[in-house]
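Below is one structure, written out as structure tokens, with a few remarks after it.
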Amino acid sequence: MTPQTDESPLVDDIAARIRARIMNGELAIGKPLRQAALATEFGVSRTPVREALRQLQNGGLIEMQPNRGAVVRVPAPWEVRQAYEVRAELEGMAARRAASRITERGLAALREHNAVLCEAVARAAGEGTGGGSTATRAANDCFHTVICEAADNPWLTRMIDRINESFPRNVSSLALAGDERHRQLNIREHEAVIEALAAHDADRADALMREHVISSGEYLTAWYERRSQTVFHG
């Protein structure tokens, strides 16, 4: 029997790299993803590329089409809204649990991550730029991660992560990058959640987080709709 090798870290890495290129717009909606070309680019065999594409298909980022193979897909508006409805409930639960468990260190981390977002908005206003960057996307992602960790429920975290495989939180940051009003709103909503957590107000933390995620989902839906107008037809 041929010994099996564990290629999951390699598959995960390839999937993450393709996912990032889809999410930053480098790989246009509708663009075919050729296994041979990707294997050559990443310096691997087709097997891990095929598994990575299957992972992305399961996550809803690509679809298999007759005579074209794997292509980048755009979620339908109803898919985004439904996914974010579920995410809102889950992250609301995480905030509720975190309200009685989060430490001063955790609260400080939340304030630090939100400060990065605030500084980016101020800098963008001064420079007249969009304000999106790797640092701000990471800060937004880490803000939510800190709350999930404070909730101390691995099952809950895994369910949230599952949704984020299709709609990563950093995509919300990309969508917000070109709209100062919504970036400011995002920061204020974060601040309100921090205040509720600091006051150990579970009901308010839950409600605020659910409202925040639903709001992000509506904005993200509109962003995907705009991107769908630039579908690749090559």
Note to self: Using each residue's phi in the range 37-53, evaluate 6.51 cos²θ - 1.76 cosθ + 1.60 at θ = phi - 60° and report the 3J(HN,Hα) Karplus result to the nearest Hz, with x for Gly and Pro.
What the structure shows: 5, 5, 4, 5, 4, 8, x, 9, 6, 6, 4, x, 5, 4, 5, 5, 5
Notebook entry, point to check: Sequence-distant or interchain residues sharing an amide H contact under 5 Å with Ile62, placed H: which?
Noted result: Gln57, Arg73
Notebook entry, point to check: Can you run phi through the Karplus equation (6.51, -1.76, 1.60; θ = phi - 60°) for the range 188-196 and list ³J(HN,Hα) in whole Hz, with x for Gly and Pro?
Noted result: 5, 5, 4, 4, 5, 5, 4, 4, 5
Next item on the list: Provide the net charge surrounding Ala135, with neighbours chosen by a C-beta distance below 13 Å and charges set as Lys +1, Arg +1, Asp -1, Glu -1.
Entry: -1
Item checked: Inter-label distance for Ala76 and Asp12, nm, one decimal - labels placed 7 Å from Cα along Cα-to-Cβ -> 3.2 nm
Notebook entry, point to check: For the range 1-105, which whole-number percentage of the solvent-accessible area (1.4 Å probe, protein heavy atoms only) is attributable to carbon and sulfur atoms?
Noted result: 49 percent
Notebook entry, point to check: Between Arg123 and Thr157, what is the spin-label point distance in nm, taking each point 7 Å from the Cα along the Cα→C-beta axis?
Noted result: 2.9 nm
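The values are calculated or read from the model by the stated rules, or taken from the named source; none is laboratory data. Quick caveat, the model's predicted, so the values are computed rather than measured. Quick reminder, even Gly has a Cβ in these numbers, built from the backbone with ideal geometry, and neighbours come from all protein chains shown. Note: accessible area is taken over every heavy atom of the protein model, side chains too, but ligands, DNA and RNA are not part of it. Shrake-Rupley method; radii C 1.70, N 1.55, O 1.52, S 1.80 Å.
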